[in-house]
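Everything below concerns the one structure shown next.
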Amino acid sequence: MSRAGGAKSAPEASTGQHISKAGAASRVTRADHWVDDGQLRPREAPMILMYHGVAEVAEDPNLLCVSPRRFAEQMDWLERRGLRGVGISALVEAMRAGRQRGLVGITFDDGYLSVLEAALPQLKRRGFGATAYIISDRLGRTNEWDEGPSWPLMTASQVRELAAAGIEIGSHAATHMRLAGASPEQLKAEVSASRTSLAAVLGTEIRGFAYPYGSMDAAARRAVRDAGYEYACAVEASPAEIGLMALPRMYVGQQDDVVRMTAKRLLYRGRIALRGRRP
Ligand SMILES: [Zn+2]
C-alpha cells in the first residue's frame, strides 16, 4: 500500500473548512453522514474509472475504446500503486464500512462484447472486480445510438457469463437516451423498467445505474432512487449533486499511458477539491 494511503495530508485538511461551517457535531459523524442523506462532500467522492470498449479498433471518433494492451498497462498501474479495482456496489459497501481506502471503482458503459472478451481476463488475472452497465433493450445489438463505427453489444447469455465471472451488472437505461429533461413516462421506461428487465435476465437484483451520456437532473436522480437502485454513476457532477445518486467518474482513454494516468489522478482529486471550495 503506497499511494493508496496518501490522502491524509494537505488536501484532507481542507475538508476542515467544510466541517467547521457545519459545526463540531458534524465532525463526529463525518465518516457516515452520507449513509443517511446519500450526499457526499466532493472530497469524499471515491475514484471511479469510466471505460466503454476494450478493443483494438481502426476508427474511434468518440474515443470509446482502449486497446487490450493499454488496458493491461492501466490495470498494472493500479496494482503497482497498491490500488485494487472493484465494482461500484462493492465500493459503496466498503465506504459504508469505512474500508474504501485503496479501492478504485472500475466501470464499463454500454455493454460491449469486448468487455467480456478482452477486459475480463485482465481483471480476473489481478483479482479485480468491476461493474458493467447494460442497456436493457439493446442486448445483442450494436451501439446504433452513436455516430461512427458499429461494435457488438453483449447478448443476454453473454451478460450472464460476465456476471457469473464476478462482474457486477448495472443498468445503463433501456435505450441509451439522455435523461435530463425526460418526461416521467420516459424516466419510468428507462430507469425502472430497465431494472426489472435486467433483473429478469440475471435472476438477481440490479443495484446500480449509470446515466447515458452522464445526462441527469434532479428528476432523473429521484427516478433512479425511487426505482430501488442503491447508487448511480454520473460523469461530471456539481458539488451539490455529488452523492450516491450521482457518483462522478474519471474518463480513461487510449491516450492514457502511465504518465497521463498519474497526472489525471492528481488532477481528479485536485479538481474535486477545488469544486468543493466553490460556494
Ligand atoms: Zn453509454
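The values are calculated or read from the model by the stated rules, or taken from the named source; none is laboratory data. A quick note: this is a predicted structure, and the numbers were derived from the prediction, not measured. Heads up, the Cβs are rebuilt from the backbone with ideal geometry, glycines too, and the neighbour counts pull from every protein chain shown. Side chains included, ligands, DNA and RNA excluded: accessible areas come from the protein's heavy atoms. Shrake-Rupley method; radii C 1.70, N 1.55, O 1.52, S 1.80 Å.
Need the failing condition index for LEU198 against (1) touching a residue at least 12 places away in the same chain (Cβ under 8 Å); (2) not in a helix (DSSP H, G or I), just the number.
(2)
Mind listing whichever residues of segment 194-222 are closer than 18 Å to SER183 by Cα and in contact with a Lys or Arg (Cβ under 7 Å, 6 or more places away or on another chain)?
The answer is PRO212, TYR213, SER215.
Using beta carbons and a limit of 6 Å, which pairs, at least six apart or on different chains, have the first residue in segment 107-121 and within 18 Å of GLN254 (Cβ to Cβ) and more than 10 Å from the ligand (Cβ to nearest atom) and the second one part of a helix (DSSP H, G or I) and open to solvent by 20 Å² or more (accessible area, probe 1.4 Å)?
ALA118/PRO68
Collect the residues in segment 83-105 that are in contact with a Gly (Cβ under 9 Å, 6 or more places away or on another chain), open to solvent by 30 Å² or more (accessible area, probe 1.4 Å) and either among the acidic types (Asp, Glu) or assigned to a helix (DSSP H, G or I) (or both), keeping them in residue-number order.
Selection gives ALA90 alone.
Out of all the residues in segment 126-148, which are free of Cβ contacts under 8 Å to residues at least 24 places away in the same chain and either more than 16 Å from the ligand (Cβ to nearest atom) or within 16 Å of LEU49 (Cα to Cα) (or both)? Reasoning before the result, please.
Taking segment 126-148 as the starting set, the residues that turn out to be free of Cβ contacts under 8 Å to residues at least 24 places away in the same chain are 140-142, 144.
Within segment 126-148, GLY140 is the sole residue that qualifies.
Do we have PHE108 as closer than 19 Å to MET261 by Cβ and assigned to a helix (DSSP H, G or I) here?
For PHE108, the condition - closer than 19 Å to MET261 by Cβ and assigned to a helix (DSSP H, G or I) - is not met.
Here is a list: GLY243, GLY253. Which entry is surrounded by fewer than 24 Cβ atoms within 10 Å (Cβ to Cβ) and within 16 Å of the ligand (Cβ to nearest atom)?
One residue alone meets the criteria, GLY253.
I need every pair where a residue in segment 218-233 that is at positive phi has its Cβ under 9 Å from the Cβ of a residue that is among the basic types (Lys, Arg) and at pLDDT 95 or above, sequence separation at least 6 or different chains.
GLY228/ARG195; GLY228/ARG207
Suppose we filter segment 25-57 for residues that are modelled with pLDDT under 95 and either open to solvent by 30 Å² or more (accessible area, probe 1.4 Å) or on the phi > 0 side of the Ramachandran plot (or both); how many remain?
16
Does THR204 qualify as being polar (S, T, N, Q), surrounded by fewer than 18 Cβ atoms within 10 Å (Cβ to Cβ), within 19 Å of TRP145 (Cα to Cα) and without any contact (Cβ under 8 Å) to a residue 60 or more places away in the chain?
Taking the combined requirement at face value, the residue does not satisfy it.
Restricting to segment 124-163, name every residue that is of a type in the set (A, V, I, L, M, F, W, C), open to solvent by less than 40 Å² (accessible area, probe 1.4 Å), out of contact with any Leu (no Cβ under 6 Å at 6 or more places or on another chain) and assigned to a loop (DSSP other than H, G, I, E, B).
PHE128, ILE135, TRP151
Taking GLY166, is it away from the ligand (no atom under 14 Å from the Cβ), part of a loop (DSSP other than H, G, I, E, B) and under 25 Å from TRP77 (Cα atoms)?
Against the criterion (away from the ligand (no atom under 14 Å from the Cβ), part of a loop (DSSP other than H, G, I, E, B) and under 25 Å from TRP77 (Cα atoms)), GLY166 qualifies.
Yes/no matrix, rows are residues, columns are (1) among the β-branched types (Val, Ile, Thr); (2) under 23 Å from GLY166 (Cβ atoms):
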position	(1), (2)
ASP60	no, no
LEU64	no, no
PRO68	no, yes
GLU73	no, yes
ILE88	yes, yes
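Could you please let me know if ALA223 is small (Gly, Ala, Ser), crowded, with 19+ Cβ neighbours inside 10 Å and part of a helix (DSSP H, G or I)? Please lay out each step first, then the result.
Numbers: small (Gly, Ala, Ser): yes; crowded, with 19+ Cβ neighbours inside 10 Å: yes; part of a helix (DSSP H, G or I): yes.
So ALA223 fits the description; yes.
Please specify each residue of segment 88-106 satisfying the condition of being within 16 Å of the ligand (Cβ to nearest atom) and free of Cβ contacts under 8 Å to residues at least 60 places away in the same chain.
ILE106, the sole residue that qualifies.
When residues of segment 181-205 are filtered for being hydrophobic (A, V, I, L, M, F, W, C) and within 16 Å of the ligand (Cβ to nearest atom), how many remain?
Taking segment 181-205 first, the residues hydrophobic (A, V, I, L, M, F, W, C) are 182, 187, 189, 191, 193, 198-202.
Narrowing further to those that are within 16 Å of the ligand (Cβ to nearest atom): 182, 191, 198.
Residues in segment 181-205 being hydrophobic (A, V, I, L, M, F, W, C) and within 16 Å of the ligand (Cβ to nearest atom): 3 in total.
Out of curiosity, is GLU236 charged (D, E, K, R), within 16 Å of the ligand (Cβ to nearest atom) and at pLDDT below 95?
Considered against the rule, which asks whether it is charged (D, E, K, R), within 16 Å of the ligand (Cβ to nearest atom) and at pLDDT below 95, GLU236 comes out as yes.
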